[in-house]
Amino acid sequence: MEAQARIKELTDLLNYYNDRYYQDAVSEISDFEFDHLLKELEKLESGYPEFRLPDSPTQRVGGGITRSFATVKHRFPMLSLSNTYSEEEIRDWDARVRKGLNGEPYEYICEIKFDGISLSVAYEDGILVRGVTRGDGVQGDDISANVRTIRSLPLNVRKFDHLIGRSFEVRGEGFMPNEVFQQINASKIERGEATLANPRNAAAGTFKLQDSAMVAARKLDCFIYQYISDDEKFTTHEESFRALKAAGFNVSDSWRKVEDIEGVMAYIHEWESKRHRLSCATDGIVVKVNRYDQREELGYTAKSPRWAIAYKYKAESKSTKLLGVTFQVGRTGAVTPVAELEPVELSMTTVKRATLHNADEIDRLGLAIGDYVFVEKAGEIIPKVTGVDYSQPNPDREPICFPAACPACGSALYRNEGEAAWYCPDTEGCPPQIKGTIEHFIQRKAMDIDSLGEGKIDILLENGLIGDAADLYSLTFEQLLGLEKVHFDEETEKERKVSFKEKTVQNILDGIEKSKNEPFAKVLFGMGIRFVGETTAQKLAQYFKTIDALIAAGYEELMAVPDVGEKVAQSIHDYFRSEKNLNFLEKLKAAGVTLQAENGVTEKEGNGLEGLTLLYTGTFEHFTREEIEKKIESNGGRLVSGVSKKLDYLIVGEGAGPSKLKKAADLGVKTISEQEFIAMIGGDADSTD
Ligand code: IVH
């Protein structure tokens with residue numbers, strides 16, 4: 001048989017056996033026969049790569065080594081959920097939902113909240129084309145090769161287009177099944193290797209491996225919890241779940257439709273212990289309004305939908321001995337007391353240290369050294385001391401003395417009125433502050449220089465190669481080659497020699513170079529101005545567009561920026577009045593770091609939409625989605641995320657969403673056609689593209 005035809009035949013056959021196995025739990029052929037056919041296909045594909053099909057099952061075996069992951073923007077942002085540990089707050093939320101829906105009847109879908117890695121998986125024309133991590137919610141890493149190794153994710157869904165369509169995204173939680181995790185650790189112990197800390201970290205690490213063959217060997221899985229597409233395929237979440245399941249997606253059977261808040265409570269109680277039997281770690285449950293039109297009615301806050309909430313189960317709590325307290329100096333100079341504990345197992349990890357936050361917290365807890373204390377994992381991640389275990393005697397009760405001087409540089413500590421934290425004043429010379437500032441600058445949410453992780457900043461500082469983060473941009477290959485240091489890995493408690501070989505050095509320099517293209521908002525966040533978090537940095541970048549405009553801004557002008565209050569404005573103002581900071585900025589500028597917004601000052605096309613808010617629905621003859629968004633902004637308009645009374649115009653294209661149209665009609669929002677839009681921006685239809 002001709003190679004092309006055989007490749008097609010084998011692809012279809014293997015996909016069929018795979019679906020039977022993973023979706024119907026039926027093995028029609030033995031593993032041996034399956035592997036045999038797979039090998040035949042692999043061989044043919046390597047001889048005739050041009051005939052390899054996009055849904056070939058060989059992609060599940062991995063083998064492609066990706067050097068680094070491309071960053072891709074999510075078509076629909078990946079929002080987070082507001083969450084609570086309190087049943088009372090779940091009831092309050094229910095009351096808000098009821099009010100928001102004006103007494104209309106509604107139902108909830110309750111689901112388990114899986115604790116893994118959120119993934120977004122895109123299908124185009126029925127083929128799995130992309131798998132992306134959540135990243136910062138706006139953009140993430142393209143880890144398609146690794147996502148394709150998940151056998152419960154169909155590579156081709158064309159035969160189900162009547163159920164789920166052909167172009168859509170599914171969102172879900174990627175994880176390493178507990179069983180796989182235990183097997184891997186058992187064999188690691190046998191080989192005398194360090195074990196993986198917990199399934200969540202193991203999954204996170206595995207999804208980021210460059211070699212997808214190694215990923216395939218780790219047998220990751222994914223529970224799907226959301227379907228998104230442009231067509232309004234379903235009217236309820238329930239329908240989407242049933243269709244996804246029928247099309248072979250791994251929708252956990254643990255979901256349930258409930259009529260009211262009492263049903264939600266029953267689900268919460270029922271799954272508190274049952275959840276431990278699932279194959280994935282879990283940290284709570286998620287409640288979602290079932291009907292999509294009601295979801296739209298309820299809408300969104302800046303970060304999360306109003307139509308869903310997560311209830312988190314209280315973390316496991318254990319009692320252990322407080323051996324001592326150490327004091328750590330952070331990036332801002334704040335001194336944090338850290339409890340040194342007798343090691344204790346909590347939610348599958350060993351806890352030896354826990355934050356005590358500040359001096360007031362020590363007083364509040366009434367702690368003394370030698371006490372037995374309760375430790376919990378807040379959100380199951382950062383350990384926290386929650387109280388003294390008075391059932392265990394401690395006759396000595398050695399008091400904890402908060403230092404008067406900085407434990408790192410010896411400067412006298414100070415405390416601002418009304419604040420709990422003690423600070424070291426030496427922002428320019430105190431080593432942990434310098435290091436913390438640089439670590440803040442290189443983190444993913446800022447300049448994203450991940451090749452500088454794992455103690456490498458220490459090496460650069462110790463060798464006097466950098467004094468601040470801007471100095472990274474003048475490092476040379478010769479300076480870095482051959483540097484080394486013994487690094488103590490807290491997680492594995494093992495010493496590791498970090499040494500800069502050619503490849504490492506090149507990686508570092510490439511990472512630094514690449515960071516010059518990070519958008520202005522991320523650079524601004526990376527500068528570490530006090531009280532300027534990611535969101536404020538974005539607002540500032542949008543408002544001022546260039547660093548020079550921001551530096552020149554007076555206190556009053558800063559206060560005009562959305563979200564910027566007195567405290568933040570003062571902090572920004574002070575930051576740019578420091579000689580050291582201005583010098584730092586000069587170095588960034590000289591290095592070519594992005595110091596103006598992408599859609600900055602240059603791209604303005606007109607002001608036909610000045611002061612107007614717009615939203616579009618459907619598809620257009622003359623613009624793609626990106627193009628119409630750009631047109632709105634370059635003509636002075638503001639794109640908003642949903643239909644509300646504040647919306648000036650809804651631009652209506654082909655196949656427009658009926659619920660958006662209805663809502664616009666209900667609220668009296670004006671709708672315009674593509675032609676009318678073009679006229680508003682002063683163009684004529686045929687010269688626009
Ligand atoms: S729905 C807009 N459902 O929790 C709402 N999320 O804080 C989208 N998660 O990053 C999320 N299980 O990765 C949803 N059954 C579930 C979930 C779930 C786990 C994760 C998800 C997201 C985070 C939200």
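Annotations for the structure displayed:
- Of the residues Lys312, Lys318, the single one that is touching a residue at least 24 places away in the same chain (Cβ under 8 Å) and within 16 Å of the ligand (Cβ to nearest atom) is Lys312.
- In the range 183-212, the residues that are of a type in the set (D, E, K, R) and over 20 Å from Asp141 (Cβ atoms): Lys188, Glu190, Arg191, Glu193
- The residues of the range 6-31 that are in a helix (DSSP H, G or I), open to solvent by 40 Å² or more (accessible area, probe 1.4 Å) and at pLDDT 75 or above, listed by number, are Arg6, Lys8, Glu9, Asp12, Leu13, Tyr16, Tyr17, Arg20.
- Conditions (1) at pLDDT below 95; (2) part of a helix (DSSP H, G or I); number of the one not met by Val486: (2)
- Qualifying residue in the range 264-273 (condition: touching a Gly at 6+ places or on another chain (Cβ under 9 Å), farther than 26 Å from Val157 by Cβ, at pLDDT 95 or above and in a helix (DSSP H, G or I)): yes
- Applying the set (1) outside any loop (DSSP other than H, G, I, E, B); (2) farther than 30 Å from Glu270 by Cβ to Lys113 leaves exactly one unmet item: (2).
- Checked against (1) farther than 23 Å from Tyr85 by Cα; (2) crowded, with 16+ Cβ neighbours inside 10 Å, Glu361 passes all but condition (1).
- All positions within the range 236-289 that are closer than 22 Å to Ile164 by Cβ, of a type outside the set (A, V, I, L, M) and more than 13 Å from the ligand (Cβ to nearest atom): Thr236, Glu238, Glu239, Arg242, Lys245, Gly248, Phe249, Lys257
- Being modelled with pLDDT of 90 or more and open to solvent by 60 Å² or more (accessible area, probe 1.4 Å) is a condition met by no residue of the range 384-395.
- Any hit, the range 625-639, residues being within 18 Å of Lys545 (Cα to Cα), open to solvent by 80 Å² or more (accessible area, probe 1.4 Å), without any contact (Cβ under 8 Å) to a residue 40 or more places away in the chain and in contact with a Ser or Thr (Cβ under 7 Å, 6 or more places away or on another chain): yes
- Residue check for Ala334: closer than 30 Å to Ser578 by Cβ, hydrophobic (A, V, I, L, M, F, W, C), open to solvent by 40 Å² or more (accessible area, probe 1.4 Å) and at pLDDT 90 or above: no
- Of everything listed in (1) at pLDDT below 95; (2) within 16 Å of the ligand (Cβ to nearest atom); (3) open to solvent by 10 Å² or more (accessible area, probe 1.4 Å); (4) of a type outside the set (Phe, Trp, Tyr), the single unmet condition for Gly116 is (3).
- Near pairs, Cβ below 6 angstrom, 6+ apart or cross-chain, from the range 160-177 (closer than 18 Å to Asp19 by Cβ) to any residue that is small (Gly, Ala, Ser): Phe160/Ala247; Leu163/Ala243; Leu163/Ala246; Leu163/Ala247; Ile164/Ala243; Ile164/Ala247; Arg166/Gly126
- Complete set of residues in the range 88-101 that are of a type in the set (Asp, Glu) and more than 16 Å from Val258 (Cα to Cα): Glu88, Glu89, Asp92
- Search result, residues across the range 83-113 that are more than 9 Å from the ligand (Cβ to nearest atom) and among the polar types (S, T, N, Q): Thr84, Ser86, Asn102
- Selection within the range 76-95 - out of contact with any strand residue (DSSP E or B) (no Cβ under 7 Å at 6 or more places or on another chain) and not in a helix (DSSP H, G or I): Pro77, Ser80, Ser86
- Taken as a whole, the range 75-82 holds at least one residue that is surrounded by fewer than 16 Cβ atoms within 10 Å (Cβ to Cβ), under 21 Å from Asn146 (Cβ atoms), within 16 Å of the ligand (Cβ to nearest atom) and within 26 Å of the chain's Cα centre (by Cα).
- Test: residue in the range 208-221 that is crowded, with 20+ Cβ neighbours inside 10 Å, hydroxyl-bearing (Ser, Thr, Tyr) and more than 15 Å from the ligand (Cβ to nearest atom): yes
- Asp510 vs. criteria open to solvent by 50 Å² or more (accessible area, probe 1.4 Å) and assigned to a loop (DSSP other than H, G, I, E, B): no
- Residue that is surrounded by the fewest Cβ atoms within 10 Å (Cβ to Cβ), among those in the range 364-379 that are more than 28 Å from the chain's Cα centre (by Cα) and part of a loop (DSSP other than H, G, I, E, B): Gly366
- Identity of the residue in the range 123-139, part of a strand (DSSP E or B) and within 16 Å of the ligand (Cβ to nearest atom), that ends up farthest from the chain's Cα centre (by Cα): Gly131
- Residues of the range 290-308 classified as more than 10 Å from the ligand (Cβ to nearest atom) and within 19 Å of Phe241 (Cα to Cα), total: 6
- Single residue of the range 443-471 satisfying the filter (in contact (Cβ under 8 Å) with a residue 60 or more places away in the chain and in a helix (DSSP H, G or I)) that is most open to solvent (accessible area, probe 1.4 Å): Asp450
- Every residue from the range 115-170 that is under 24 Å from Thr236 (Cα atoms), charged (D, E, K, R) and touching a Cys at 6+ places or on another chain (Cβ under 8 Å): none
- The set of residues in the range 521-558 that are touching a residue at least 60 places away in the same chain (Cβ under 8 Å) and within 25 Å of Glu428 (Cβ to Cβ) comprises Lys522, Val523, Phe525, Gly526, Met527, Gly528, Arg530.
- Residues in the range 409-431 that are under 23 Å from Ala470 (Cα atoms) and surrounded by fewer than 19 Cβ atoms within 10 Å (Cβ to Cβ): Cys409, Pro425, Asp426, Thr427, Glu428, Gly429, Pro431.
- Total residues in the range 565-617, condition farther than 23 Å from Ile434 by Cα, part of a loop (DSSP other than H, G, I, E, B) and more than 29 Å from the chain's Cα centre (by Cα): 12
- The combined condition, being within 16 Å of the ligand (Cβ to nearest atom) and basic (Lys, Arg), is not fulfilled by Arg151.
The values are calculated or read from the model by the stated rules, or taken from the named source; none is laboratory data. All values reported here derive from a predicted model rather than from experimental measurement. Here Cβ is always computed from backbone atoms with ideal geometry, including for glycine, and neighbour counts include all displayed protein chains. Protein only, heavy atoms only, side chains kept; ligands, DNA and RNA dropped before computing areas. Shrake-Rupley method; radii C 1.70, N 1.55, O 1.52, S 1.80 Å.
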